[in-house]
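The values are calculated or read from the model by the stated rules, or taken from the named source; none is laboratory data. Because the structure is a prediction, the values reported are computed rather than measured. Ideal geometry is used to build each Cβ from the backbone, glycine not excepted, and the neighbour counts take in all protein chains shown.
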Amino acid sequence: MKRFNFVDLSLPGLKLIKRNIIDDERGFLSRLFCAAELSSIGLNESIAQITHTYTRKRGTVRGMHYQEEPHCDLKIVSCIRGSIWDVVVDLRSNSPTFLKFHAQLLSEKNCYAMLIPKGFAHGFQTKVDNCELLYFHTTAHNPMAERGLRYDDPLLEINWPDPITTISQRDKSYEMMSPNFQGMRLI
């Protein structure tokens with residue numbers, strides 16, 4: 001039995017992963033990862049790191065984060081508790097959708113995940129209190145390669161769906177992009 005259905009999204013390489021649930025009177029079973037099935041959509045690298053985040057307050061924005069080459073990673077993001085508005089921005093300089101974004105509702109109820117290719121910035125806004133996410137990364141986090149875009153940069157035109165209640169000082173401190181921002185060239 002296939003555990004996932006895959007949907008191509010508006011940015012090249014970006015995929016929605018719909019988990020197929022086995023449900024009965026006891027509860028449900030849902031697979032979060034299967035190397036064999038995910039290899040069919042381009043996940044051919046091993047998972048180097050799994051990260052669990054918890055966000056307390058509705059309206060919180062985290063992002064927009066990415067790592068520079070050679071440390072950028074493909075990631076799978078799943079919301080396992082609560083509901084988020086997940087946002088990715090294409091930073092690949094040679095992409096026809098350079099600096100375009102895609103947003104997707106991920107929740108514990110819809111059991112969706114996003115497969116985010118290398119060369120994208122990622123962030124999200126919590127739609128409810130007490131949200132938890134799991135990130136599967138193909139490259140371990142490297143603090144020296146850590147970068148970010150301003151969540152409110154006018155060049156991105158991201159309209160967050162709810163009033164922003166909380167954002168970290170780090171995320172507020174990212175500079176606005178210059179109009180000549182060149183993006184990323186992937187190795």
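Descriptive notes on the structure:
- Flag for LEU43 being within 21 Å of HIS122 (Cα to Cα), touching a Phe, Trp or Tyr at 6+ places or on another chain (Cβ under 8 Å), surrounded by 13 or more Cβ atoms within 10 Å (Cβ to Cβ) and of a type outside the set (D, E, K, R): no
- Listing of strands (runs of 3 or more DSSP E) fully contained in the range 115-183 that carry 1 or more residues being over 21 Å from ARG81 (Cα atoms): 120-126, 146-148
- Residue in the range 106-113 that is free of Cβ contacts under 8 Å to residues at least 40 places away in the same chain, surrounded by 21 or more Cβ atoms within 10 Å (Cβ to Cβ) and not aromatic (Phe, Trp, Tyr) present: yes
- Condition broken by GLN49, with the remaining ones in (1) surrounded by fewer than 16 Cβ atoms within 10 Å (Cβ to Cβ); (2) at pLDDT below 95 satisfied: (2)
- Selection from the range 1-52 of residues that are assigned to a strand (DSSP E or B) and closer than 13 Å to ALA113 by Cα: PHE4, ASN5, PHE6, VAL7, ASP8, LYS15, LEU16, ILE17, LYS18, ARG19
- Scanning the range 75-89 turns up no residue that is more than 24 Å from ILE167 (Cα to Cα), assigned to a loop (DSSP other than H, G, I, E, B) and touching a residue at least 24 places away in the same chain (Cβ under 8 Å).
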